[in-house]
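The block underneath contains the structure these notes are about, expressed in structure tokens.
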Amino acid sequence: MNSGNDNTTRPAIATQPAAASPPAAPPPPPAPSRRELARRALALPDDALLSQCEEEFFVASGPGGQHRNKTASGVRLTHPPTGLTVTATERRSQAQNRSAALERMREALKPLTFVPKVRKATKPSKGAKRRRLEGKKKTSEKKAMRRDKSSW
């Protein structure tokens, strides 16, 4: 019976030296930021921006009668690169709603391109510090006088 613990020697397995691998490719550039994607989208003409968007039509409700309630005149545009979604349902015409939705998409993309101004930490000047402390001292003396009943 062989339990697998025998001390017999096994032949050595010959290993071949590893072939030199080709130099690693540089890492891909980072994905553009949402701000950059919005800036690029705003630079596009209407038809190119519309081709970037996913267009969905749906039945809009509200005033407009049977024509509006039975036709898919509502337009929903989704811009996948930025994740923005806008809708337009106020008109009975799908074409008019599409142009209104495209205008809204442009308006929604504009705030994404805003770069906030960098705030720089400031320190009050020595004169400003001195003036503030003098004002505090005057106030505290006034209040101390109110507390002191002996002068009454």
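Every number in this text was worked out from the coordinates using simple rules, so none of it is lab data. Fair warning: this is a prediction, and the values are worked out from it, not measured in the lab. Don't worry about glycine lacking a Cβ; one is built from the backbone with ideal geometry, like all the others, and counts go over all protein chains shown.
Key figures for this structure:
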quantity: Filtered residue count, region 81-135, keeping only those that are farther than 30 Å from Gly62 by Cβ and not hydroxyl-bearing (Ser, Thr, Tyr); calculated: 21
quantity: In region 26-53, residue farthest from Pro116 (Cα to Cα) [restricted to those that are acidic (Asp, Glu) and surrounded by 10 or more Cβ atoms within 10 Å (Cβ to Cβ)]; calculated: Asp46
quantity: Some residue of region 116-136 being touching a residue at least 12 places away in the same chain (Cβ under 8 Å), closer than 30 Å to Glu36 by Cβ and out of contact with any Cys (no Cβ under 8 Å at 6 or more places or on another chain); calculated: no
quantity: Residues within region 108-139 that are over 32 Å from the mean Cα position of the chain (by Cα), among the small types (Gly, Ala, Ser) and surrounded by 10 or more Cβ atoms within 10 Å (Cβ to Cβ), tallied; calculated: 2
quantity: Filtered residue count, region 61-96, keeping only those that are of a type in the set (Val, Ile, Thr) and at positive phi; calculated: 0
quantity: Residue count for region 54-96, restricted to those that are small (Gly, Ala, Ser) and surrounded by 19 or more Cβ atoms within 10 Å (Cβ to Cβ); calculated: 4
